[in-house]
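Enquirer: Just dropping this structure here.
The values are calculated or read from the model by the stated rules, or taken from the named source; none is laboratory data. Just so we're clear, the structure is a prediction, and the values are computed from it rather than from any experiment. Neighbour counts run over all protein chains shown; Cβ positions are idealised from the backbone, glycine included. SASA here: full protein model, heavy atoms, side chains in, ligands and nucleic acids out. Shrake-Rupley method; radii C 1.70, N 1.55, O 1.52, S 1.80 Å.
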Amino acid sequence: MDKLLEVLDNINNFIWGPPLLILMIAVGILLTVRLRGVQIRHLIYAHKLAFTRDDGKAEGDISHFQALMAALAGTIGIGSITGIATALAIGGLGSLFWMWIAAFFGMATKYAEAILAIKYRGVDKAGGMHGGPMYYLEKGLKAKWLGILFAIFAIGSSFGLGSMVQSNSVAGAVQSTFSISPYLTGAVLVILSAIPLLGGIKSIGKVVGILVPAMAGFYLLISLSVVLINITHVPHAFMLIFKTAFTGQAAAGGFVGSTFMMAVQLGISRGVFSSEAGLGSSSIAAAAAKTDSPARQALVSMCSVFITTGIVCTLTGLAIATTGVLGGVDQNGIALNGSALALAAFESVLPYGGLMVTLAIIPFGYSTILSWSYYGERSTEYLFGEKSIRYYRIFFILAVFLGAILNLQIVWRFSNIMNGLMAFPNLIGIFLLSGIVTRETELFEAVLSHERK
């Protein structure tokens, strides 16, 4: 077992090494330049679209808002808490700065993914929309083999990150807080997941349209409370974030110290992990949106990066930075990391703070299961046809239960590998199709200019 874990760690470190991270940032910079800073110019309008516009008569299965919530369901999750805490515990506070850099350029990448997903989407026999990287790689780039690779990696990630990892985290949180058996939690998750899953993206859209705003609002409230209570420490926290982003952070307490490269690598990789910008997965949900223009929904999709990394992950990071728990140790003298570090930050300020974070983790994990079930389902359909969907759903629901009761050290590593592998074909496609993204944007901005007159 230890040897296998070591092999998987080596593969994971290789895949998520400098070449992939440089490629992600390079593609984001290219798109930002070609699109003339679309993430700045249209940021306010994009959020207005997401929360006010309804293209009810346009082609599609779900509204702009539901598509955004589906994307957020897949990204605002356990990674927004434990993932950020892990980045800070290993890469230091400077990793938060590089997370912001990844998010800024990632917004342009996410925008491009959604434009291409909608432009090259199609309609299945049941009348539902399907789209995503596998389709724009095949139809736009004429490279079906890349589409096949993406679909394979997406299915693998859906069973790992999207199903087993989420149910395991939920079951662990429920057991530690309420002493409820993982078997019972797994059974409940199976039932709660099966109902909307069997109803397809329309049912999933309705569920996450209610669940995501509620769970995100709850978590933002408690994390913002921690930051406001420690508001006098915020300026110093920002100073450390910017300073250590370029110098690394010295060892202190249980914190072993970090280098400049550690801050960069952890910040960018966790930023990508939290927002999925560059992975292409959330564009599968964007392809189902009712919209009169690919660019209009792309702006809505872009919002998910700003909300997930720019707001949720930032507040998690600031909660840890301002409470001074970074470098702390537990009762056994082991340095706080991951969920333990995040819980320590909230518990140090709020009564029952740890309990409130645990309660936030439960809907976070559940909503991620729903979104990833759809991503995996569409990828399965792409590879094996519509009849394969029923079998995928059965195996996915089984994975939800198994994830709740098994030790997932191998699955965690496998999921990270699949996530990284998804990015390569997707980024290649976006890079080579960036001219189409630019033209679609120019066409839309001409329409938008006319609408505003």
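Enquirer: For region 307-418, with the dipole built from +1 on Lys and Arg beta-carbon atoms and -1 on Asp and Glu ones, taken about the Cα centre, which of Ile410, Leu350, Ile389 lies farthest toward the positive end?
Expert: Positive-end residue among those listed: Ile389.
Enquirer: Using the per-residue mean of other Cβ atoms lying within 10 Å as a proxy for protection, in what order, highest first, do the peptides 417-425, 117-125, 263-271 fall?
Expert: Details: 417-425: 23.0, 117-125: 18.7, 263-271: 26.9.
Packing order, densest peptide first, comes out as 263-271, 417-425, 117-125.
Enquirer: Ranking request for peptides 273-280, 149-156: highest mean number of other beta-carbon atoms within 10 Å first, then the rest in descending order. Intermediate results must be reported in sequence, preceding the final value.
Expert: Values: 273-280: 30.0, 149-156: 24.2.
Peptide ranking by packing, descending: 273-280, 149-156.
Enquirer: Right, here's the next one. If contacts are Cα pairs under 8 angstrom and at least 6 residues apart, what is the relative contact order of the chain in percent?
Expert: Details: 831 pairs, mean separation 161.8, N = 453.
Once normalised by length, the contact order is 36 percent.
Enquirer: Could I ask something else about it? Counting only protein chains, not ligands or nucleic acids, how are Trp16, Trp100 ordered by accessible area (probe 1.4 Å), most first? Spell out each step's value before the answer.
Expert: Values: Trp16 25, Trp100 55 Å².
These residues rank, largest area first, as Trp100, Trp16.
Enquirer: Rounded to whole Hz and in sequence order, give me ³J(HN,Hα) for region 407-413 from the Karplus expression 6.51 cos²θ - 1.76 cosθ + 1.60, θ = phi - 60°, writing x for Gly and Pro.
Expert: Listing the rounded values in order: 7, 10, 4, 5, 5, 4, 5 Hz.
Enquirer: Which lysines, on any chain, are close to Lys290 with Cα under 17 Å apart, when same-chain ones fewer than 8 places away are left out?
Expert: Within the straight-line limit of under 17 Å, Lys290 reaches these lysines: Lys48, Lys57, Lys119, Lys202, Lys206.
Enquirer: Can I ask one more? Listed highest first by mean packing, meaning other Cβ atoms within 10 Å per residue, what order do 184-190, 202-208 come in?
Expert: Going from most to least packed, we get 202-208, 184-190.
Enquirer: Just going by the charge dipole of the chain, with Lys and Arg at +1 and Asp and Glu at -1 on Cβ, which of Phe246, Ile428, Val226 is farthest out on the positive end?
Expert: Highest projection toward the positive end goes to Ile428.
Enquirer: Given a 1.4 Å probe and heavy atoms of the protein chains only, how would you sort Trp98, Trp145, Trp372, largest accessible area at the top? List each step's numbers first, then the result.
Expert: Numbers: Trp98 40, Trp145 165, Trp372 0 Å².
Listed by decreasing accessible area, they come as Trp145, Trp98, Trp372.
Enquirer: Measuring from label point to label point, each 7 Å out along Cα→Cβ, what is the Phe14 to Ala214 span in nm?
Expert: Going by the 7 Å Cα→Cβ label model, 4.6 nm.
Enquirer: For Tyr111, what charge total do you get from the other residues with a beta carbon under 15 Å from its beta carbon, if Lys and Arg give +1 and Asp and Glu give -1? Write out the running numbers ahead of the final one.
Expert: Working: positive: Arg34, Arg36, Arg41, Lys110, Lys119, Arg296, Arg439; negative: Glu113, Glu276, Glu440, Glu442, Glu445.
That sum, taken over residues with Cβ under 15 Å, equals +2.
Enquirer: Show that you can apply the helix-only estimate: for the chain, add -39,500 (n - 2.57) for every DSSP H stretch of four or more residues, divide by all residues, and state [θ] at 222 nm to the nearest 500. Working shown, then result.
Expert: Values: 21 runs with 327 residues, N = 453.
So the helix-based figure for the chain works out to -24000 deg cm²/dmol.
Enquirer: Once Kirkwood radius over Cα pairs in Å is worked out from the coordinates, which option in (i) 25.9; (ii) 21.8; (iii) 22.6 does it equal?
Expert: It is the value labelled (ii).
Enquirer: Also, I was wondering about something else. What is the helix-to-structure angle for 314-323, meaning the angle in degrees between its Cα long axis and the longest Cα principal axis of the chain, kept from 0 to 90 and rounded to the nearest 10?
Expert: The angle comes out at about 10 degrees.
Enquirer: Ok, one more. Suppose every K and R has +1 on its Cβ and every D and E has -1 on its Cβ; what is the size of the dipole of region 205-344 about the Cα centre, in Debye to the nearest 20?
Expert: Details: 5 positive and 3 negative charges, 43 e Å.
Using Cβ point charges on Lys, Arg, Asp and Glu, region 205-344 gives about 200 debye.
Enquirer: Set Lys and Arg Cβ to +1 and Asp and Glu Cβ to -1, take the dipole of the chain about its Cα centre, and tell me which of Val7, Gly278, Leu398 lies farthest positive.
Expert: Gly278
Enquirer: Mind checking the dipole of the chain: about its Cα centre, +1 per Lys or Arg Cβ, -1 per Asp or Glu Cβ, Debye to the nearest 20?
Expert: Here the chain has a charge dipole of around 900 debye.
Enquirer: Counting only other residues whose beta carbon sits under 12 Å from that of Gln409, what net charge do I get with K and R as +1, D and E as -1? It would help to have the intermediate numbers written out before the result.
Expert: Values: positive: Arg413; negative: Asp2, Glu6, Asp9.
Summing Lys/Arg as +1 and Asp/Glu as -1 gives -2.
Enquirer: Mean separation of Cα pairs under 8 Å and 6+ residues apart, divided by the residue count of region 122-191: what relative contact order is that in percent?
Expert: Values: 37 pairs, mean separation 10.7, N = 70.
Rounded, it is 15 percent for region 122-191.
Enquirer: Moving on. What distance in nm lies between label points placed 7 Å from Cα along the C-beta direction at Leu432 and Asp2?
Expert: So the two model labels end up 4.5 nm from each other.
Enquirer: Another question, then. Find the accessible area per residue for region 61-110; the probe is 1.4 Å, ligands and nucleic acids are left out, and the unit is Å². Before the final figure, lay out the partial values.
Expert: Details: 720 Å² over 50 residues.
Per residue, region 61-110 has an accessible area of 14 Å².
Enquirer: Further, regarding this structure: Taking the Cα centre as origin and putting +1 on Lys and Arg beta-carbons and -1 on Asp and Glu beta-carbons, what dipole magnitude results for region 109-156, to the nearest 20 debye?
Expert: On the way: 7 positive and 3 negative charges, 26 e Å.
So the magnitude is around 120 debye.
Enquirer: For Phe178, project a label point 7 Å along Cα to C-beta. Then give me every residue of region 339-369 with its amide nitrogen under 11 Å of that point.
Expert: Within reach of a label on Phe178: 359, 362-363.
Enquirer: With the full set of protein chains in place, find how many percent of the accessible area of region 271-377 is carbon and sulfur; take the probe as 1.4 Å. It would help to have the intermediate numbers written out before the result.
Expert: Values: 1520 of 2570 Å².
For region 271-377, the apolar C and S fraction of the accessible surface comes to 59 percent.
Enquirer: Determine, from the Cβ-Cβ distance of Val123 and Met261 and an R0 of 60 Å, the FRET efficiency 1/(1 + (r/R0)^6), rounded to the nearest 0.05. Please report the intermediate quantities before stating the final value.
Expert: Values: r = 47 Å, r/R0 = 0.78.
So, using R0 = 60 Å, E works out to roughly 0.80.
Enquirer: With θ taken as phi - 60° and the coefficients 6.51, -1.76 and 1.60, list the Karplus ³J(HN,Hα) couplings across region 414-424 in order, rounded to whole Hz; mark glycine and proline as x.
Expert: 4, 5, 4, 5, 4, 4, x, 5, 4, 5, 4
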